[in-house]
Amino acid sequence: MRFGVLQFPGSCDEQDALAAARRVGDAELIWHGDRDLGAVDAIIVPGGFSYGDYLRAGAIARFSPAMESVIEFAAGGGLVLGICNGFQVLCEARLLPGALLPNANLRFTSRQVDLEVLYAGGPFTRACSLGETLSIPAKHSWGRWYADADTISAMDGAGQFVLRYAPGENFNGSEHDIAGVSNERGNVFGLMPHPEHAVDELIGGSDDGLRIFESMRMTVEAGGV
Amino acid sequence: MAEALGCRVRARVLIRPKAGILDPQGVAVERALPALGFSGVGNVHIGRLIELDLEDPSQLGPMCEKLLANPLVEDYEVQLLDGGD
Amino acid sequence: MSETAHLPTLADAIALGLTEAEYELVCEKQGGPPNQVELAMYSLLWSEHCAYKHSKKLLRTLPTEGEHVVMGPGENAGAVDAGDGLVCAFKVESHNHPSAVEPFQGAATGVGGILRDIFAIGARPIAVLDSLRFGEPSGARSRYLLDGAVAGIGHYGNSIGVPTIGGEVYFEAPYEQNCLVNAMALGLAPRERLTRSAAAGPGNVLVLFGASTGRDGIGGASVLASAELGHEADGGDKRPTVQVGDPFEEKKLLECSLELLDRGLLVSLQDLGAAGLTSSASEMASKGEVGIDIEIGAIPLREPGMEPFEVMVSESQERMLCVVEPANVAAVLAICERWEVSGSAIGTVTDSGRMRVLRGDELLGDMPVRALVDDCPLYDLAPERPADPIYPAPHRTLEPGTGTAETLLALLGSPNIASRRPLFEQYDSIVQSRTVRRPEQADAAVLALPGGAALAVSIDCNGRRVAADPYRGAIEAVLECASNLACVGAEPLGTTNNLNFGNPEKPHIAWQLTEAVRGLGEACRALSAPIVGGNVSLYNEGATGPIYPTPVIGMVGRLPDARRAGRSGFDPDADADAIAIVGPFQPSLAASELAKLHGEPLPDSLPEIDIDAVRGAQAAVRDAVRAGSLSSAHDIAEGGLAVAIAESCLQGDTGATVDLGGGARGDAPLFGEGPGGFLVSGPSEALDELSESVRVRVIGTVGGRSLRIAGHDAELSLEELAAAHGALAELFA
């Protein structure tokens, strides 16, 4: 199982994502300027402040050569995981529906949150059970997920809502408390909380995030999406 | 400088949050104003201003669609300024 | 306009902050009146902020050596041995005056500056802690400063990917006009990468890399950092000289710097902070006992038409200076380009011993390095114990005689004790995946090291207690840090300090400073926790008087097994753990938080301290935590025993029942303060064993959903405690 973790100027959590992925398979960093992703089975677009969040979070990173290759990779069915800033980049790149807006509370907020698993059949949550609660830290200032009403009902019907903030945990004001969504095909998944920071009970008390990386490995070993 | 680049137009792009989407920054400012003694203020919205010189103003629309604004959640307004700077 | 066309006068020198005598001395060193460039550079390097004129002699009395010290004071940061071939670099610095002018940028650039000090010696920054002081939050201005400073620290630390893992904030009237924003940072480096700043090798090239140079902070060091605030009519105009930070630029700068060091391409490295190029280049030259020629035209400028003196004193952020052998310059510039960081060769190292500023063939400034950096006059303090109280009594907010339950709730909700969650939730405390104990989980922050051990760090100082007794108050601050480290199982490795005081030319402030440094030195010696670096911020006073003397102490320690890091909360799953007070705790209401709520004036001294007994208790608690025999360990600090118990209940989300026995009278046993008291919980057998090495007094049991204090008619549910403890949330609504 080979993961590729993108690295932009300003990425912060790419090392953490690399370390988390390495618990489950092989993983290497991919510089934003490289078009060649290597022979990877899955791409992780990590958290941080790519390009300083200038203009809009993720707005500049989405045009990098590496992201152009990721768009092709996703079109071919490759697995793509976007975490926090990565989720923002995937929305800007139109690989995922909706947009991320500044938090409703207008502040950067760092908090361990409980997430409910709404869909457990796909490549990113097959190691979880439906309705299960995952304890994963969230830390962001631009995490309010928004989409218009039509998009939301289409996504709901198609099982694209994957994770939801448990009652009381939605501090950023995301529509319908949605924390993580996938595309229609199910091979691209974005979430604001950071599963790579919940892979070791020593560091933070929860290893629930490991489940997402394990789900990806299981999917690839079973032959893909 | 300017001469070598041909005729340059100065443009201003105003980017606003789409109507109907919660604008917490606008709400926060609207709430703060009365405390400072300004009453009778409502409907506050906060957006972004981008100013640039360019040769071909017809590029502005595509630039806004592609990078400067996020059309999913933002509206944009282009103004061409007289004279240029 | 030629710089030599019109020579500055004595009046100009005085406007820039020099005294008449200092100006005369500059003229003597220069062999004539200095020109504009030269005077600007002297005025900055001879300012209090850069030269430590009033504190250097005193600082020389502090202990700076020890078995764990790898780099002591004098470099950009200090460093201690972290084991396994790694060193931990750390330092604390202040950015008080800029934060009072523009709190967001002042605090942000304070963080940026201390981070640069860490990677300037070759260490990768792994954590930030903040130590803040404001006036009472009932005042709008203090709320504005608090909000801006916290947002600024969060913005910079979060954006650059360095976790902010701990800190402290106090609200006291004497800080109303002079807030304090101190930032501490830690870094890790393989020992071989540790780098010094001395320029060396005549003929070597000076390379400036990072952001371009603009007008940020012009005159900042002498005008802002060492002037008493509030006396200028045009206070609002200070804003244009505020430095603006760009953490995105600094992240690139950090990676670029570490790569240059990893590749062995640099002779030396220095960051640009207060007084910009002037201080960086001069200090590099001074340490290396060499000279430096700087070509003004080679420096990339952000604004057109900057005068040479502006370029030399600019405090534009995110810039580094390095010395490179000529053969390596191309490689250095290529690496800068790859990181999208601007790099320029701007000068050369010479053997002239002189700092020369040139524009082509034109010599704009020519100064002996030694005169600039080493010959600034140092002043003796003239300390005199004040005959009358300096500080007004705090306002009463609680009637003496109020019952225990209500008193406890008042303390839990008071600004100095209430939960800091609304602050630390604005900080990313987990990036880099090392954080074993996050804020409010334990008395010290804990960071995992590769290999299984961990670092622990705490930052502390109770300025009001130091005001009551500068000598004992400073000792208490050091002991507090070490006690916090003990509660997570860590042994101190080294200390850093930021001395925040008023005007040292006033005898009573000189007395505070002298006594505090005396206490600081004694405590650090007793604990074998030498000072490896620090900072001094003086002249923190305004029309309403001086700040409380605030020697902020930052201490780093090590524990051998990260999995055994202690916690401050009771264990809700344990089977009726016993609760005990451990150590030579002698609670006194003198200068306590309760005395403050009661509106009592400061006492004129604090009770005596038995440092050895406290150190013994710290060792005993530390060993018990390391052995894994305790469920929780929590230092008893502000608010005394009752607050510590309430905090352990809230942290563990479980109640407790305690009984101090019939002899406990008055408020002191429950709310009195003092060093050497630990609140621990665990199985009775563990506490029995602990009592063989230290005084242990069992006072109750963990359990239930409320805190019951027998004999005091006090029973408070966890919900009531939490509601009181959440008082600061409304400041950030």
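The values are calculated or read from the model by the stated rules, or taken from the named source; none is laboratory data. Everything numeric in this text was worked out from a predicted model, so none of it was measured. Virtual Cβ from ideal backbone geometry, glycine too; neighbours counted across all protein chains shown.
Does C:Val436 fit the bill of being within 17 Å of the chain's Cα centre (by Cα) and touching a residue at least 12 places away in the same chain (Cβ under 8 Å)?
For C:Val436, the condition - within 17 Å of the chain's Cα centre (by Cα) and touching a residue at least 12 places away in the same chain (Cβ under 8 Å) - is not met.
Name the one entry in A:Gly173, A:Gly159, A:Gly190, A:Gly204 that is in contact (Cβ under 8 Å) with a residue 12 or more places away in the chain and outside any loop (DSSP other than H, G, I, E, B). Before you say what the answer is, go through the steps one by one.
Details: A:Gly173 fails: outside any loop (DSSP other than H, G, I, E, B); A:Gly159 fails: outside any loop (DSSP other than H, G, I, E, B); A:Gly204 fails: outside any loop (DSSP other than H, G, I, E, B).
After applying the criteria, what remains is A:Gly190.
Can A:Ile152 be described as assigned to a strand (DSSP E or B), within 14 Å of another protein chain (Cβ to nearest Cβ) and at pLDDT 95 or above?
On the way: assigned to a strand (DSSP E or B): no; within 14 Å of another protein chain (Cβ to nearest Cβ): yes; at pLDDT 95 or above: yes.
Judged against the criteria, A:Ile152 is not a match.
Select from the range A:92-115 the residues that are over 23 Å from A:Ile60 (Cα atoms) and of a type in the set (D, E, K, R) and write down the one among them that is nearest to the other protein chains (Cβ to nearest Cβ).
Residue satisfying both the conditions and the ranking: A:Arg111.
Tell me which residues, restricted to the range B:12-69, are aliphatic (A, V, I, L, M) and assigned to a strand (DSSP E or B).
Answer for the range B:12-69, where residues must be aliphatic (A, V, I, L, M) and assigned to a strand (DSSP E or B): B:Val13, B:Leu14, B:Ile15, B:Leu49, B:Ile50, B:Leu52, B:Leu54.
Would you check which residues across the range C:156-215 are part of a loop (DSSP other than H, G, I, E, B), within 14 Å of another protein chain (Cβ to nearest Cβ) and within 30 Å of C:Glu303 (Cα to Cα) and list them?
Passing the criteria: C:Gly161, C:Ala211.
Just to be sure I understand, how many residues within the range C:576-600 are free of Cβ contacts under 8 Å to residues at least 24 places away in the same chain and surrounded by fewer than 23 Cβ atoms within 10 Å (Cβ to Cβ)?
So the answer is 0.
Test of understanding: among A:Gly38, A:Gly33, A:Gly77, which residue is within 14 Å of another protein chain (Cβ to nearest Cβ) and not in a strand (DSSP E or B)?
Exactly one residue qualifies, and that residue is A:Gly33.
Does A:Ala57 meet the test of being among the aliphatic types (A, V, I, L, M), surrounded by 24 or more Cβ atoms within 10 Å (Cβ to Cβ), at pLDDT below 95 and within 22 Å of C:Arg338 (Cβ to Cβ)?
So A:Ala57 does not fit the description; no.
Of the numbered conditions (1) within 14 Å of chain C (Cβ to nearest Cβ); (2) surrounded by fewer than 23 Cβ atoms within 10 Å (Cβ to Cβ), A:Lys139 satisfies every one except a single condition; which is it?
Looking at each condition in turn, A:Lys139 falls short on (2).
Give the range B:66-77 a look and list any residue that's within 13 Å of the chain's Cα centre (by Cα) and more than 18 Å from A:Leu101 (Cβ to Cβ), or say none.
Within the range B:66-77, B:Glu77 is the sole residue that qualifies.
Name the residues in the range A:41-61 that are in a loop (DSSP other than H, G, I, E, B), within 14 Å of A:Gln7 (Cα to Cα) and aliphatic (A, V, I, L, M), would you?
Result: A:Ile60, single match.
For the range C:282-385, give me every one of the strands (runs of 3 or more DSSP E) that falls completely inside it and has 3 or more residues that are in contact with a strand residue (DSSP E or B) (Cβ under 8 Å, 6 or more places away or on another chain) and of a type in the set (A, V, I, L, M).
By residue number, C:319-324, C:342-350, C:354-359, C:362-368.
So that you can scan it fast, the table gives a plain yes or no per residue for (1) of a type in the set (A, V, I, L, M, F, W, C); (2) surrounded by fewer than 24 Cβ atoms within 10 Å (Cβ to Cβ); (3) part of a helix (DSSP H, G or I); (4) at pLDDT 90 or above:
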| site | (1), (2), (3), (4) |
| --- | --- |
| C:Glu24 | no, yes, yes, yes |
| C:Glu28 | no, yes, yes, yes |
| C:Val37 | yes, no, yes, yes |
| C:Lys57 | no, yes, yes, yes |
| C:Glu65 | no, yes, no, yes |
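Take B:Val29 and decide whether it is more than 30 Å from A:Leu96 (Cα to Cα) and β-branched (Val, Ile, Thr).
yes
When you check C:Leu411 against the structure, is it more than 10 Å from chain A (Cβ to nearest Cβ), over 19 Å from the mean Cα position of the chain (by Cα), within 25 Å of C:Ala565 (Cβ to Cβ) and of a type in the set (A, V, I, L, M, F, W, C), yes or no?
no
Taking the range C:72-92, which residues are in a strand (DSSP E or B) and buried (at least 24 other Cβ atoms within 10 Å of the Cβ)? Lay out the reasoning, then the answer.
Here is the first cut: in the range C:72-92, the ones in a strand (DSSP E or B) are C:73, C:75, C:78-83, C:86-92.
Residues satisfying the conditions are C:Gly78, C:Ala79, C:Val80, C:Ala82, C:Val87, C:Cys88, C:Ala89, C:Phe90, C:Lys91, C:Val92.
Is it the case that A:Ile178 is away from chain C (no Cβ under 14 Å), of a type outside the set (Ser, Thr, Tyr) and closer than 21 Å to B:Asn70 by Cβ?
Answer is yes for this residue.
Restricting to the range A:41-50, what's the tally of residues that are within 14 Å of another protein chain (Cβ to nearest Cβ) and surrounded by fewer than 22 Cβ atoms within 10 Å (Cβ to Cβ)? Write out each step before concluding.
Restricting attention to the range A:41-50, the residues satisfying the condition of being within 14 Å of another protein chain (Cβ to nearest Cβ) are A:46-50.
Subset that is surrounded by fewer than 22 Cβ atoms within 10 Å (Cβ to Cβ): none.
Going through the range A:41-50 one residue at a time, the tally reaches 0.
Return a yes/no flag: does the range C:252-264 have any residue that is surrounded by 24 or more Cβ atoms within 10 Å (Cβ to Cβ), more than 26 Å from C:Gly17 (Cβ to Cβ), away from chain A (no Cβ under 14 Å) and not hydrophobic (A, V, I, L, M, F, W, C).
Yes: one or more hits.
Please state which of the following conditions A:Leu18 fails to meet, knowing it meets all the rest: (1) buried (at least 22 other Cβ atoms within 10 Å of the Cβ); (2) within 12 Å of another protein chain (Cβ to nearest Cβ).
(1)
Residues to consider are C:Ala646, C:Ala633; find the one that is at pLDDT 95 or above, surrounded by 24 or more Cβ atoms within 10 Å (Cβ to Cβ), more than 27 Å from the chain's Cα centre (by Cα) and not hydroxyl-bearing (Ser, Thr, Tyr).
Numbers: C:Ala633 fails: more than 27 Å from the chain's Cα centre (by Cα).
Among C:Ala646, C:Ala633, only C:Ala646 is at pLDDT 95 or above, surrounded by 24 or more Cβ atoms within 10 Å (Cβ to Cβ), more than 27 Å from the chain's Cα centre (by Cα) and not hydroxyl-bearing (Ser, Thr, Tyr).
Scan the range C:232-245 and tell me whether some residue there is at pLDDT 95 or above and among the acidic types (Asp, Glu). Walk me through how you get there before you give the answer.
Filtering the range C:232-245 for residues at pLDDT 95 or above gives none.
So far as the range C:232-245 goes, no, none of its residues is at pLDDT 95 or above and among the acidic types (Asp, Glu).
Just to be sure, is C:Gly273 in a loop (DSSP other than H, G, I, E, B) and over 26 Å from C:His95 (Cα atoms)?
So C:Gly273 does not fit the description; no.
Only one of these is of a type in the set (Lys, Arg) and within 14 Å of another protein chain (Cβ to nearest Cβ): B:Arg12, B:Arg16, B:Arg8. Name it. Break it down stepwise before answering.
On the way: B:Arg12 fails: within 14 Å of another protein chain (Cβ to nearest Cβ); B:Arg8 fails: within 14 Å of another protein chain (Cβ to nearest Cβ).
Sole residue among the options that is of a type in the set (Lys, Arg) and within 14 Å of another protein chain (Cβ to nearest Cβ): B:Arg16.
Among the residues of the range A:116-143, write down those that are touching a helix residue (DSSP H, G or I) at 6+ places or on another chain (Cβ under 6 Å) and outside any loop (DSSP other than H, G, I, E, B).
Matches in the range A:116-143: A:Ile136, A:Pro137.
Is it the case, given these coordinates, that A:Gly82 is farther than 30 Å from C:Ala729 by Cβ, in a loop (DSSP other than H, G, I, E, B), more than 14 Å from chain B (Cβ to nearest Cβ) and not hydrophobic (A, V, I, L, M, F, W, C)? Working first, answer last.
Working: farther than 30 Å from C:Ala729 by Cβ: yes; in a loop (DSSP other than H, G, I, E, B): no; more than 14 Å from chain B (Cβ to nearest Cβ): yes; not hydrophobic (A, V, I, L, M, F, W, C): yes.
Spelling it out, it is not the case that A:Gly82 is farther than 30 Å from C:Ala729 by Cβ, in a loop (DSSP other than H, G, I, E, B), more than 14 Å from chain B (Cβ to nearest Cβ) and not hydrophobic (A, V, I, L, M, F, W, C).
I need the full set of residues from the range C:657-714 which are in contact with an Asp or Glu (Cβ under 8 Å, 6 or more places away or on another chain), small (Gly, Ala, Ser) and either assigned to a strand (DSSP E or B) or at pLDDT below 95 (or both), in order please.
Matches in the range C:657-714: C:Ser681, C:Gly682, C:Gly700, C:Ser706, C:Ala710, C:Gly711.
List pairs: first in the range C:23-46 and closer than 22 Å to C:Glu307 by Cα, second surrounded by fewer than 18 Cβ atoms within 10 Å (Cβ to Cβ) and β-branched (Val, Ile, Thr), Cβ under 6 Å, 6+ apart or cross-chain?
Going by the 6 Å Cβ cut-off, the qualifying pairs are C:Asn35/C:Thr4.
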